[in-house]
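Reviewing the structure listed below.
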Amino acid sequence: MARERVLIVSAHPLFREGIARLLEGQAEVVGVVSTWEEAKAIVPARSPQVIVVDHADATLKEADLAPLLWPDIEDLRVIYVTLAGDKMTVHERHQVIGAGEADLLAALKGQRSPTARAQPIPYEGRSQRMEKSPQRRSYTRHFAIVSALVAVVGVLSAYGLIQVPKFTRASAQGETVDWVMDLHFALIGFLFALVVVFMLYAVIVFRRKPGEDGDGDHFEGNTKLEITWTVLPLITVLAFGVIGTRTLADVTKPQPNEMVVEVAAFSFGWQFSYPEYGISNVVNRMVVPVNQPLLLKLRSWDNDVIHNFYVPEFRVKQDLVPGLPTELRVTPNRVGTYKLRCNELCGTGHTLMLADVVVVERAEFDAWVKEQGAQLTPEEMARRGQEVYTGSGCAACHNLTGEPGLPGPSWKGLYGAQIALADGSTVTADEEYIRRSILYPNEQIHAGYNPGIMPQNYGDILSEQQIAYLIEFIKTLNGQHTGH
Amino acid sequence: MAALTETHHESYAWKSQNNRLGMWLFFISESFLFGGLLVSRFFLWGGTRPDLPQLVPLIITVVLLLSSFYMNRAEVAIAHDDRRTFLRSLLITALLGTIFFLGVLFVEWGFSFNEQGKLVLGNHIHPTDGVYGAVLYGMTGMHALHVLSGVILILILWNLGRKGHFSAKEHFGVEATAIYWHYVDLVWVVFYPALYLIGTPVAHGH
Amino acid sequence: MSIFRLGLVRGLIGGLIGWAFGFALVVGVRLALGLTPQWRPMAPGLAAYEPAVVVAGIFFAIGFMLGAGTMTDWLKWARGIPTPFHHGPRIPGTPEWARYFSVDYSHKVIGVQYGVTGIFLLGVGGILAMIFRLQLAQPELNFVAHDVFNTMISAHGMIMIGSILLGVGAMSNYLVPLMIGASDMAFPRLNAFAYWINLPGAVLLITAMFIGGWNTGWTGYPPLSARAPLGVQYFFLGVFFIGLSSILGSLNIIVTTLRMRAPGMTLFRMPIFVWAAFATAIIQLTATQLIGLSFLMVLVQRILGMGFFDPRGPVWFEVDKWVGGGNPLLFQHLFWFYSHPAVYIFVLPGLGIISELLPVFARKPLFGYKWIAMSSMAIALVGFLVWAHHMFVSGMNNYLRVPFMFSTLLVAVPTGVKFFSWLGTLWGGRIEFKTPLLFSLSAISVFLIGGLTGPPLATVTTDLNLTDTYYVVGHFHATMFGGFVFPFFAALYYWYPKATGRMYSERLGQLHFALMTPAFWVMSLGQVYVGMHGMRRRVATYEEALGIGTGQLLITIAGFVIFISVLIMLYNLAVYARRAPKAAANPWRSRGLEWQIPSPVPEVSFATTPFVVGEPYDYGLPGSRYVQMAPLPAMTGGD
């Protein structure tokens, strides 16, 4: 094998001579110079493969740049040598790669001496490459212990969090909210245990004990682990996002037979109106029947500020904004008196902007409504009647247009009309007629139609109230009763 | 003890490169400000806009675009050591910029002095005219503030240039001011259609 | 030396002159236009001289900055007078102590100025908290009137935010140039300006409490802020100037990091804190404009009648035609577009400090350095996409809540990467329990509590219950303490010997840790608990019937313990350590670049160019080097 071409650079004659003598016969010394300037001058001409530089010579620090200065010299290397008395250290790329003459010669050939470790050991298969000090157990055992601890503490924490007594709950939506919160508690308990147990374990087991010198175990990372602890949390949060979306839809979805309560906030009180009952502006006291889905229509007075409707027992809240009507759906399902508290800072009176929310049995609510001196308006009853008409199957057989062709008579102009019956008699379609036609359909058959077609069980399907609504609805259907 | 003062780090080229990076970062930051205003316009006006006279905004837009031309002329001139053209173009730019600024204040916003010498807003839309007034004055006002500061910078440049500062080799201050001026122009190129051209016109109360 | 040579004093004098000038300007212009000197309030309840007061506030800041001397060099440049940069005091002959009270261009001086001012504001905010927590310690106490209470909590919030921004500025400014081997920041004068603008901002913010206060909370929502007392205007202006500091300071960090790293320092050989500071700077540079804009819009709504957020148009006496309604929700969108990324400004540097310190005290590499660096950038990016989770019950479009829920939950992923990487760094180490490490461990545990209480807020369903309750207060105090306060204290202890050349008392440090950490757990868990039991945010008192009196008492006591523990730290660092023996140049045996130079750091930090030749955190790898400093002395036989 060809001998390496070597250039020696040092300001110290002793260094130059010493290295040159050392390399005699082992390498081809193509130049011995004192300064970097001289070195730069002769490198292009002599093309050394290696430049041996005196490390102690402060003026030679530019030698590191040699491969950049002469890029066309293939594999140009710079080796630093420190000579102190009879001790020699050999450096390359500012890493100690050896000591002594044998290492210098090995470095010239690009070989690593067996005693030197210049490259970081790649992190692969820790158990074989990690030299454990006798006091430390292998990581496998540590992992096993920690995992067990995490499992125990995790389960205890999750359970503990879920079991902490919750604030009184009084709404159907609240059940969903509390259930999702419990799911979060489970995750929180587990993650808390995971991090804290690992951390405490590590600082206890891997602490520096008195008299111990040296550093920790050298590993820089683990791509598989990184990917795992990125992907698993990603899946988890996506799952929670889906659960959140579904439960949000649940909690906000319109219910059948919602009762509208209009809530207006001002600084610093509340007004409640019940449009269906013609009750308006009850101040600071909201009375509602239990298990009745409520549609709260919320707004702040136009020249007021933002407030927020929050009854902690209901577990949902919504801002009231001037100029922007908002809605909140809640179904109180527990009788009791709760406090409504404004939950958006609105000024000096914010702390005391409270109202009573009284959830009572239906009968008591009806009584209260009567007490307010109002009842369900005919318009509201008619509106509800229309809902019953479309929602309970009436529309399948009775149209509102007067055209023939359906199994049952049209309702157009029905109320107060003279009805010809199948047996030849005539009857006025008053409230009683309509009511009995629903409950006992075969009692009086409209001329031109057949018995046994209308279902017999509307008395079980519809409440008296709903029948009353239907009657009000029918009253609004003006026009000429065509006989069909 | 060798300090760092003699290395290339002190060179004009290296420093200018730092300044250039700093300047573009500043523009990125300002873009968020103008972007926020633009978002507000769309949030509050939606698909509508106030019904405003079109002639004056069009004129001042042309004036501003023209001023950018002259600003560029000034920069190119000093890059070729043509001091006379440099100074003259700077003054023209400043003049056009001032015309834009005064045009916004006195014609577009409609400030005028009545018989008693009091400053009043005439029949033009007022800043108090609901969201139309608020957004219009907000956007044109913020922009006008930047035009004013740009004019001041240009006049400072003119004064320094008059005294012999800047050369073909070293004129980063001119380059920076020129780009600032073009940036202000670009903002107007976006604001102008947003305020005056797009959307269904809605009459205001005056 | 005359006290009038100090920049702080000159600034205050200049500020007062500016204030008077601004006030007179408005009054004078009004008179010249034939109007009355005082402004007829455009809505009932507003103060008569409000525009004059506002303009005076702006000129206060201008006068302050001119008086202090922050603009002297630039004004000279405008006149063509060169002012070459030199190391050392700006005005030669200034004694060392006076440099800290004057405009100085050295990033080390500026870093200390940021830090001390930040700690001062921490104290002011803390005292406010102590007062109102006394009232909340038991139900139905009322010794603080409710409007004063509202001002206190509003001021507490924003003053603490200011304190955090200053602390972030302290760490970034002091450390980044040292860590990358730069002699100073890219723009030293801009750096000084960016520090000093905080002072008039802080003065205005504190003054706001005394000119009527404001009752809006730190969030300043209109329509309430449009009709709040006069103090709200100085609140807005104070925030404006503090925000300006953020923008200008971050610009400096970005340019310095990109352009002034030592040779051999590739991006992935930078200390991890520099990555954190860089990600933080990107957020500061861009998002801050939005809080400035949103506050400015309320400010002009008040004094010019520009009704951005008033649905009726403004309630002006003279306008009889209302053409189009403003929208209060617009404010919230603009405001939170900054204020959410802002919380990542607050925590990313502290999380970077944790990453920076663990390898030193565990004596092993930072686990997954590249992933941690990228996680800071990811958090910064995703942080811009989540703002509306503060608005889930605001009346915003109901369907839009879903994507924001997903984006908010997503932030947990890069945050988790950090937590797990910290565990990986501790695992297998040889851990030394010094105060900086102890505070890093506290930070991790506290930030964990904060982070884990986040997903219930991110999930809309549970947020409907929890938003605007004390649960949220618990969540953000835990994240702020875990992400900023604890790491900031860790950093103070860690770099104290480098900055001052003296060593603090390890025992006092451990006492601070032992008091503050459990106290904080009690405080945050207490806040979360009472929040789920009916305690709203921003209320001056609460009913006995809620049954949370004990919890509230514990929270208050914990707060006081924290306060005392911080006093112990101040004693340790400001009094004890000054007489302590000198510290070694590298007491922590750190590989960091700043530890290879003397302590305290000399005026010119690096006598020779440092060369980076290896990885920053290769603890435990024999023979590896991170930096190559001055060449070795001759004939000494090796390193």
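The values are calculated or read from the model by the stated rules, or taken from the named source; none is laboratory data. Worth saying up front: this structure is predicted, and the values here are computed from it rather than measured. For neighbour counting, all protein chains shown are included, and Cβ atoms are generated from backbone atoms with ideal geometry for every residue, glycine included.
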Candidate set from the range B:163-174 (those that are under 14 Å from B:Leu90 (Cβ atoms) and out of contact with any helix residue (DSSP H, G or I) (no Cβ under 6 Å at 6 or more places or on another chain)); member that is farthest from the other protein chains (Cβ to nearest Cβ): B:Gly173
Residue match in the range B:127-146 (condition: surrounded by 15 or more Cβ atoms within 10 Å (Cβ to Cβ), more than 9 Å from chain C (Cβ to nearest Cβ), over 19 Å from B:Leu33 (Cα atoms) and not hydroxyl-bearing (Ser, Thr, Tyr)): no
Matching residues in the range A:191-220 - criterion: being at positive phi and either facing another protein chain (nearest Cβ under 7 Å) or touching a Lys or Arg at 6+ places or on another chain (Cβ under 8 Å) (or both): A:Gly214
Matching entry among A:Thr247, A:Thr228 (being surrounded by fewer than 19 Cβ atoms within 10 Å (Cβ to Cβ), under 29 Å from the mean Cα position of the chain (by Cα) and farther than 24 Å from C:Pro311 by Cβ): A:Thr228
Enumeration of residues in the range C:114-134 that are over 20 Å from C:Ser154 (Cβ atoms) and surrounded by fewer than 20 Cβ atoms within 10 Å (Cβ to Cβ): C:Val116
Check on B:His204, under 25 Å from B:Trp14 (Cβ atoms), within 12 Å of chain C (Cβ to nearest Cβ) and at pLDDT below 95: no
Failed item, numbered, when A:Leu68 is tested on (1) of a type in the set (A, V, I, L, M); (2) closer than 24 Å to C:Tyr626 by Cβ; (3) surrounded by 15 or more Cβ atoms within 10 Å (Cβ to Cβ): (3)
Conditions (1) closer than 21 Å to C:Gly350 by Cα; (2) without any contact (Cβ under 8 Å) to a residue 40 or more places away in the chain; (3) within 10 Å of chain A (Cβ to nearest Cβ); (4) not charged (D, E, K, R): number failed by C:Val382: (3)
Selection count, the range C:14-57, where residues are among the aromatic types (Phe, Trp, Tyr) and in a helix (DSSP H, G or I): 3
C:Val360 vs. criteria farther than 25 Å from C:Leu426 by Cα and either basic (Lys, Arg) or in contact (Cβ under 8 Å) with a residue 60 or more places away in the chain (or both): no
Number of positions in the range A:323-358 that are among the β-branched types (Val, Ile, Thr) and part of a strand (DSSP E or B): 5
Criterion (within 19 Å of the chain's Cα centre (by Cα) and either assigned by TED's automatic domain parsing to the domain that holds C:Glu594 or surrounded by 24 or more Cβ atoms within 10 Å (Cβ to Cβ) (or both)) met by exactly one of C:Met503, C:Met480, C:Met516: C:Met480
From C:Thr479, C:Thr425, C:Thr517, C:Thr435, residue being within 11 Å of chain A (Cβ to nearest Cβ) and not aliphatic (A, V, I, L, M): C:Thr425
Every residue from the range C:266-280 that is surrounded by 24 or more Cβ atoms within 10 Å (Cβ to Cβ) and not in a helix (DSSP H, G or I): C:Pro271
Residue in the range A:277-288 that is more than 14 Å from chain C (Cβ to nearest Cβ), assigned to a helix (DSSP H, G or I) and either under 30 Å from A:Leu187 (Cα atoms) or in contact (Cβ under 8 Å) with a residue 60 or more places away in the chain (or both) present: yes
C:Gly551, sole failed condition from (1) part of a loop (DSSP other than H, G, I, E, B); (2) within 14 Å of chain A (Cβ to nearest Cβ); (3) small (Gly, Ala, Ser): (1)
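Results for (1) surrounded by 19 or more Cβ atoms within 10 Å (Cβ to Cβ); (2) among the charged types (D, E, K, R), shown as yes or no for each residue.
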position	(1), (2)
C:Gly549	no, no
C:Gln552	yes, no
C:Leu573	yes, no
C:Arg589	no, yes
C:Pro602	no, no
C:Pro610	yes, no
C:Val613	no, no
C:Leu621	yes, no
C:Arg625	yes, yes
Matching residues, the range C:615-639, being touching a strand residue (DSSP E or B) at 6+ places or on another chain (Cβ under 8 Å) and either charged (D, E, K, R) or at pLDDT 90 or above (or both): C:Arg625, C:Tyr626, C:Val627, C:Asp639
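Those residues that are β-branched (Val, Ile, Thr), within 22 Å of A:Ala172 (Cβ to Cβ) and buried (at least 16 other Cβ atoms within 10 Å of the Cβ), I need them from the range A:258-297; list them, please.
A:Val261, A:Val263, A:Val287, A:Val288, A:Val290
Considering only the range A:405-426, I want to know if a residue exists there that is within 56 Å of the chain's Cα centre (by Cα) and more than 19 Å from A:Gln480 (Cα to Cα).
yes
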Qualifying positions in the range C:597-613 - more than 18 Å from C:Arg502 (Cβ to Cβ) and without any contact (Cβ under 8 Å) to a residue 24 or more places away in the chain: C:Ala607, C:Thr608
Helices (runs of 4 or more DSSP H) within the range A:405-484 that include 3 or more residues among the hydrophobic types (A, V, I, L, M, F, W, C): A:431-439, A:464-475
Residue list for the range A:289-318, restricted to those being facing another protein chain (nearest Cβ under 9 Å), of a type outside the set (Ser, Thr, Tyr) and touching a helix residue (DSSP H, G or I) at 6+ places or on another chain (Cβ under 9 Å): A:Val305, A:Ile306, A:Pro312, A:Glu313, A:Phe314, A:Arg315, A:Val316, A:Lys317, A:Gln318
Options A:Gln318, A:Gln271: the member that is under 23 Å from C:Thr467 (Cα atoms) and modelled with pLDDT of 90 or more: A:Gln318
Residue pairs meeting the criteria (Cβ under 6 Å; at least 6 apart or on separate chains; first free of Cβ contacts under 8 Å to residues at least 40 places away in the same chain, in the range A:387-399; second in a helix (DSSP H, G or I)): A:Ala395/A:Tyr389
Some residue of the range C:439-457 being under 29 Å from C:Ile597 (Cβ atoms), under 23 Å from the mean Cα position of the chain (by Cα), within 9 Å of chain A (Cβ to nearest Cβ) and modelled with pLDDT of 95 or more: yes
The range B:114-126, residues that are at the interface with another protein chain (Cβ under 9 Å from one of its Cβ atoms), touching a strand residue (DSSP E or B) at 6+ places or on another chain (Cβ under 9 Å) and either modelled with pLDDT of 75 or more or not in a strand (DSSP E or B) (or both): B:Ile125
Verdict on C:Ser246 being more than 9 Å from every other protein chain (Cβ to nearest Cβ) and crowded, with 24+ Cβ neighbours inside 10 Å: yes
